[in-house]
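See structure below.
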Amino acid sequence: MFTHDELLTSATTDDKQKFNWRNFWYPVAFVQDIPVDRPCGFSLYDEPLVLFKNQQGNFTCLQDCCAHRAAKLSDGRVTDGKIECLYHGWQYGGDGKCLYIPQLPADAKIPTKACVQSFLTVERQGILWVWPGKLEIAEIESIPIVPVLDKPGYIHTDYMVDLPHDQTYLIENVLDPAHVSIIHHGSQGNRKDAQPLEIEIIENSTRGIRAKWRGTKKPDQVWHDVEFVAPNLVHNIINLGQRGWCVGLVSYGVPLGKGRCRLLFRGYRNFLPFTLQFQPRWFQHFKWNKILEQDFDVIARQQQQIEQLGKSLKEIYLPLKTTDTLVIAYRKWLDQVGDGLPFYQGYATSKYPEEKISPNNFLLQDRFSRHTQICSSCHQTYQIITRLEQAAISFAVGIAALAIVIDGSGYQKITALIACLLSLALAGIFDQFKIRFEHSYQD
């Protein structure tokens with residue numbers, strides 16, 4: 001079993017300091033998935049932000065609101081390291097200052113107020129991080145990376161998806177080992193393995209929660225490690241016995257807004273590296289799409305049910321010590337720090353705006369909306385397959401037209417017909433393959 005320091009570097013938060021959601025690092029996306037030739041919009045707790053590459057070739061983050069007339073900068077374009085508003089062409093640099101206004105006379109100065117707020121960004125372990133708080137207290141060392149990923153012998157795969165529920169429900173889900181045997185039966189779990197768990201909380205503070213757990217069906221089962229690092233990381237380590245093998249599940253939650261969040265997931269292990277090394281990234285994502293889609297709508301509907309009931313979780317939940325200890329500890333953590341969050345659902349308390357989550361809000365998103373369009377590997381593969389399908393159909397139509405107009409032998413026409421049918425069959429194969437990038441596995 002790894003020691004705490006070997007597992008990860010936790011974000012540092014003074015227990016005596018008042019909790020403020022802004023004074024933390026937030027992962028936005030894997031760097032390889034961020035477009036380099038256009039703006040990339042996102043949000044934190046419904047505050048609109050935008051990423052783009054500045055004149056120095058570094059990613060920068062600005063408020064996604066033009067100083068002119070509040071158009072979204074993410075709808076614009078990037079030109080020579082500046083972001084240009086689609087509405088009137090105002091251009092901003094990486095520091096948020098307006099550098100060019102097409103409608104301003106050449107001898108006129110750009111108004112001082114022509115600027116937007118900028119935010120500190122840092123790339124670490126292949127992830128882009130944003131600091132929305134006070135710059136004077138930002139510490140790069142407090143970014144919650146996972147040092148074991150930098151050690152030789154460890155391999156990992158990255159996966160990103162947008163989810164139709166609040167971040168707190170995502171954190172609750174990945175802190176809950178008991179659900180794996182049931183909801184992931186046939187993929188990662190087996191209903192026969194459902195059992196009481198022994199859960200021991202080792203540390204619990206505003207910095208987060210550290211614990212270990214194990215099954216009780218057999219005597220002396222191996223302990224597994226889990227840690228929640230405030231405000232957005234859950235790190236699960238599944239220890240596989242005396243060989244020292246382990247599987248790690250790193251889940252970063254991004255609070256995009258009410259009823260929506262983003263998951264940046266890293267699965268890693270220290271054995272059988274060849275099984276991942278020769279798999280394309282998009283192929284690995286087929287597996288994670290299927291596994292994680294087993295959770296999505298269940299959790300979204302859980303949140304809707306809770307909101308409609310209008311009661312506290314303390315009144316709604318019937319927790320078991322043998323399954324729900326970590327879940328309740330996390331919800332109580334939210335009770336403790338909730339004053340420093342824009343909105344939250346704790347165990348005994350909550351804070352939400354008047355507007356409730358609509359029953360249809362984001363639920364109808366398909367795999368393309370949730371994952372493919374924000375994943376560089378899957379989106380590129382999807383575009384290639386789409387072009388191949390279109391080419392096969394065009395070839396089939398062309399051959400069919402040629403067979404009609406040519407004055408050839410029956411043999412030639414039969415050959416053209418066979419080529420046409422083969423092309424249509426190939427287009428059908430491409431179409432079925434394309435569906436795997438578009439629809440959830442239940443569809």
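Just so you know, all these numbers are worked out from the coordinates, no wet-lab data involved. Please read these numbers as outputs of a predicted model, since none were measured by experiment. All Cβ positions, glycine included, derive from the backbone under ideal geometry; neighbour counts span all protein chains shown.
The Cα trace of the stretch 144-267 gives Rg and Dmax of 15.0, 44 Å, the first to one decimal, the second as a whole number. When the alpha carbon gyration tensor of the stretch 197-298 is reduced to an equivalent ellipsoid, the three semi-axes, largest first, read 24, 23, 13 Å. Taken over the C-alpha atoms, the stretch 26-141 has Rg and Dmax values of 14.1, 46 angstrom. Please list, short to long, the whole-number percent of alpha-carbon pairs of the stretch 145-364 in consecutive 10 angstrom bins beginning at zero. Percent of Cα pairs in each bin: 7, 32, 38, 19, 4, 0.
What is the chain's relative contact order, in percent, from Cα pairs under 8 angstrom and six or more apart in sequence?
Working: 799 pairs, mean separation 66.7, N = 443.
Relative contact order of the chain: 15 percent.
Can you give the Rg/Rh ratio of the chain, where Rg is from the C-alpha atoms and Rh is the Kirkwood radius? Provide the component values of the computation, followed by the final result.
Values: Rg = 25.4 Å, Rh = 24.5 Å.
Here the Rg-to-Rh quotient is 1.04.
Summary value for the stretch 145-364: 24 percent relative contact order, contacts being C-alpha pairs under 8 angstrom separated by 6+ residues. Multiplying the residue separation of residue 86 and residue 390 by 0.36 nm and subtracting their alpha-carbon distance yields 106.3 nm. For residue 110 and residue 369, a Förster radius of 56 Å and the Cβ-Cβ distance give a FRET efficiency of 0.90, rounded to the nearest 0.05.
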